[in-house]
Amino acid sequence: MATVESRPPPVLAGGQVLRTMDEALEYVHAICFKTGPPRRVGVELEWTVHYADDPGRPIDPSILRSALGDHTPRTLDPGSPQKALPEGDSLTLEPGGQVELSSPPHDSLAQLHSATAADLSYLADRLARAGLRMGEHGIDPYRPPRQLLRTLRYDAMAESFARSGSGGLTMMCGTAATQVCLDAGEPGQVATRWHTLHALGPVLLALFANSPRHAGSDTGWASARMRAWLDTDPSRTWPVAGADPTTAWGQYALAAPLLCLRRQRGSWHPPAGMTFADWIAGAVRPPPTVDDLDYHLGTLFPPVRPRGYVEARFLDAQPPGEWIAPVAVLAALFADATTTEAARELTEPVAGAWSTAARRGLADAALRSTAEAVAELGCRSLDRTDLAPGTRELVAEIVSRRLAGGGERATWKP
């Protein structure tokens, strides 16, 4: 297994022009993994938003704005103070009006759970007073995708994705995910943690898949959310392949087409198919800067993404009262090197089975047997976290219900 070299970022200011591929790759390599003892965990939790009395009715932006008040993101209300939630989580909106709650990194899983649950309850209460509620699935089971927010970025994304079919619009405006953020680890651990997270992806996707219905129809997929992502743009939504994570991510990033080309005036639509490497080579003027590369990296959406830390982006959104289950299992599997290595060995038979996991979920025999073994390891390792006993029991109950095929539940009440 490759070892990731720890090195300081190159001395490049945000406005500095990138004139060669080597400069760009050096910068990407230096910032993609911030190495050190793995301690922290964070989450980015998304949910579709619905009227409580009619979940299929399109959301009125003014009602959503009123519900969120001073926390309204500026993508919906440019004049909003966009205050953080009481416990420090930030609130953003996806293009279709999905709410996203993002935590700061926490040194303690119990602290993460306590703070995020409190902010989630606060958010749910504000929505409920406006007659709104959060969804319980990874894709909108009631409505077709509809772009609620109009920004230069979102308009450019919609046009770029439209070239490859309807998956992009569905991904932008109709899906919701549970994202888990973990430290990259010490230099000698990074590659193992990176590859293990990829190997676990199909298994945990299958275990927590809950989005078979979209826009009123049964899609035939266990995770129609992941289907939409895989159908969007393989160059930016499929897994990053390669033995060495830093090299693989740098090549992936520079080979991906631009999603947005930021300009002082006019639209942000880039020339069709132009990659960041093409931009460095002079496809358009002026040449790109370090800031442009940073922005481009934020428009890449593989199932596992390095951001200094590492994001697991492959899980369906869970019912609001159950988000802790996949987060706790994943954190427990990465609690120590021995458990992480054991998880990697368990997942070898189904590593790379992303499409099968999205389509068949636990109906696939290999994924089911692997999920059972991984779930047992993860739940057995929960006592290595600082979660309260009652929370550990809740996680184990949710996981057992998922394995038994009882994923549906009553609507959660704040």
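List of remarks:
- Of the criteria (1) out of contact with any helix residue (DSSP H, G or I) (no Cβ under 8 Å at 6 or more places or on another chain); (2) of a type outside the set (S, T, N, Q); (3) free of Cβ contacts under 8 Å to residues at least 40 places away in the same chain; (4) within 19 Å of V374 (Cα to Cα), which one G298 fails: (4)
- Per the conditions (1) touching a residue at least 40 places away in the same chain (Cβ under 8 Å); (2) outside any helix (DSSP H, G or I), the sole criterion not satisfied by T247 is (2).
- Considering (1) crowded, with 18+ Cβ neighbours inside 10 Å; (2) outside any loop (DSSP other than H, G, I, E, B), the lone condition that W221 does not fulfil carries the number (2).
- Every condition in (1) modelled with pLDDT under 95; (2) among the β-branched types (V, I, T); (3) surrounded by 20 or more Cβ atoms within 10 Å (Cβ to Cβ) holds for V11 except the one numbered (3).
- Odd one out for W238, checked against (1) touching a strand residue (DSSP E or B) at 6+ places or on another chain (Cβ under 8 Å); (2) surrounded by fewer than 22 Cβ atoms within 10 Å (Cβ to Cβ); (3) hydrophobic (A, V, I, L, M, F, W, C): (1)
- Residue under evaluation L403, criteria (1) in contact (Cβ under 8 Å) with a residue 60 or more places away in the chain; (2) crowded, with 17+ Cβ neighbours inside 10 Å, criterion not met: (2)
- Condition met for H113 (of a type outside the set (V, I, T), closer than 30 Å to F334 by Cα and in a loop (DSSP other than H, G, I, E, B)): no
- Yes/no for M171 being buried (at least 18 other Cβ atoms within 10 Å of the Cβ), under 29 Å from A366 (Cα atoms), touching a helix residue (DSSP H, G or I) at 6+ places or on another chain (Cβ under 9 Å) and among the aliphatic types (A, V, I, L, M): yes
- Residue check for R368: basic (K, R) and under 15 Å from V180 (Cβ atoms): no
- The condition of being free of Cβ contacts under 8 Å to residues at least 40 places away in the same chain and either closer than 24 Å to E23 by Cβ or not β-branched (V, I, T) (or both) does not hold for P306.
- Listed by position, the helices (runs of 4 or more DSSP H) enclosed by region 254-372 that each have at least 2 residues that are surrounded by fewer than 19 Cβ atoms within 10 Å (Cβ to Cβ) and modelled with pLDDT of 95 or more are 276-280, 290-297, 337-347, 354-360.
- Residue in region 367-390 that is farthest from the chain's Cα centre (by Cα), counting only those that are polar (S, T, N, Q) and under 21 Å from A209 (Cα atoms): S369
- Test: residue in region 386-396 that is closer than 14 Å to A325 by Cα, modelled with pLDDT of 95 or more and buried (at least 21 other Cβ atoms within 10 Å of the Cβ): yes
- Only one entry of A156, A115 meets the criterion of being small (G, A, S), surrounded by 18 or more Cβ atoms within 10 Å (Cβ to Cβ), in contact with a Leu (Cβ under 7 Å, 6 or more places away or on another chain) and under 22 Å from P73 (Cα atoms), and that entry is A156.
The values are calculated or read from the model by the stated rules, or taken from the named source; none is laboratory data. This one's a predicted model, so the numbers in the text were calculated from it and none came from an experiment. Note that each Cβ is placed from the backbone with ideal geometry, even for glycine, and that neighbours are counted across all protein chains shown.
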